[in-house]
Amino acid sequence: MAHATYSVSNFLLKGALRAFAHWEVEGRENVPPFGPLIVVANHQSNLDPPLLGVSIPRRLRYMAKRKLFKSLFGTFLRAYGAMPLDLDGRDVAALRGALHLLSCDGALVLFPEGHRYPGQGMHRASPGVAYLALKSQAPVLPVGITGTERIGPIWRVVFPTGHLRVRIGQAFTLPAIEGKLPRQQLEALTTMIMQRVAALLPPQYQGVYRLPETSPARQ
């Protein structure tokens, strides 16, 4: 049931994107074809998760706010591959579920900013992304998304319009570190991860992770 929901939903979204939007994907060749993977992206719209689903050639799972699962929509989210998460950073059950998924060579999408920030640029990310990458030693795949900030109400996800671009960077792995890391070091590693995402975005999208003007980020 879950696999069918994911496949059918992606098939329909691909059709809508080709019919109504200018959809571009760059860097599909950078996606590891198998093995554990943490996909890290900026977050601007409800369209971001399914857009990654049709842009990245892997079966993806997602972390989503726990309150979304309290409605009928939550049944669809679970079937599509979403896993409930408390955004207070202390959700031990969600962390265990994520680590289990990665130990089974799954691909997990994280939006470390936690909330959508359409048109505002990137906001400070939770250090949970660095903790999960260190604990699992899974490769991290940075992805920059542009254009979805113009997608407003939820129904627009069904009929997406505009120039939507997904740039996929090179996967990398954090160094293995023994023992418990202080929060300051986790935050430094998180900044490094998010700067890899920012490098795939134009300057106006980079927000708190704005790179020097010499950055290779392209418009």
### Summary
The lone condition R96 fails out of (1) touching a residue at least 40 places away in the same chain (Cβ under 8 Å); (2) out of contact with any strand residue (DSSP E or B) (no Cβ under 8 Å at 6 or more places or on another chain) is (1)
### Task
From (1) touching a Pro at 6+ places or on another chain (Cβ under 9 Å); (2) buried (at least 17 other Cβ atoms within 10 Å of the Cβ); (3) more than 17 Å from G169 (Cα to Cα), pick out the condition that doesn't hold for Y6.
(1)
### Message
For segment 17-30, which positions are crowded, with 18+ Cβ neighbours inside 10 Å, over 16 Å from the mean Cα position of the chain (by Cα) and among the small types (G, A, S)?
### Response
A21
### Message
List pairs: first residue in segment 110-121 and crowded, with 18+ Cβ neighbours inside 10 Å, second residue among the aromatic types (F, W, Y) anywhere in the structure, Cβ distance under 6 angstrom, at least six positions apart or on different chains.
### Response
G121/Y205
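When the residues of segment 125-137 are narrowed to those that are part of a loop (DSSP other than H, G, I, E, B) and within 15 Å of the chain's Cα centre (by Cα), which ends up surrounded by the fewest Cβ atoms within 10 Å (Cβ to Cβ)? Let's see the steps before the verdict.
Filtering segment 125-137 for residues part of a loop (DSSP other than H, G, I, E, B) gives 125-127, 137.
Applying the additional criterion that residues be within 15 Å of the chain's Cα centre (by Cα) yields 125-127.
Numbers: A125: 24, S126: 18, P127: 21.
Per the stated criteria, the residue is S126.
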### Query
Would you pick out the residues in segment 144-169 that are surrounded by 11 or more Cβ atoms within 10 Å (Cβ to Cβ) and either of a type in the set (G, A, S) or out of contact with any strand residue (DSSP E or B) (no Cβ under 8 Å at 6 or more places or on another chain) (or both)?
G144, G147, E149, G152, I154, R156, V157, V158, F159, G162, G169
### Message
Please go through segment 31-77 and give me each residue that is of a type outside the set (F, W, Y), surrounded by fewer than 16 Cβ atoms within 10 Å (Cβ to Cβ) and in contact (Cβ under 8 Å) with a residue 60 or more places away in the chain, ordered by number.
### Response
P32, G35
### Message
Just to be sure I understand the filter: pairs with C-beta atoms under 7 Å, separated by 6 or more residues or on different chains, first member in segment 155-179 and at pLDDT 95 or above, second member outside any loop (DSSP other than H, G, I, E, B) and among the hydroxyl-bearing types (S, T, Y). Which pairs pass?
### Response
L164/T148; R165/T146; V166/S55
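The values are calculated or read from the model by the stated rules, or taken from the named source; none is laboratory data. In this text, all values refer to a predicted model and were calculated from it rather than measured experimentally. Backbone-built Cβ (ideal geometry, glycine too); neighbour counts: all protein chains shown.
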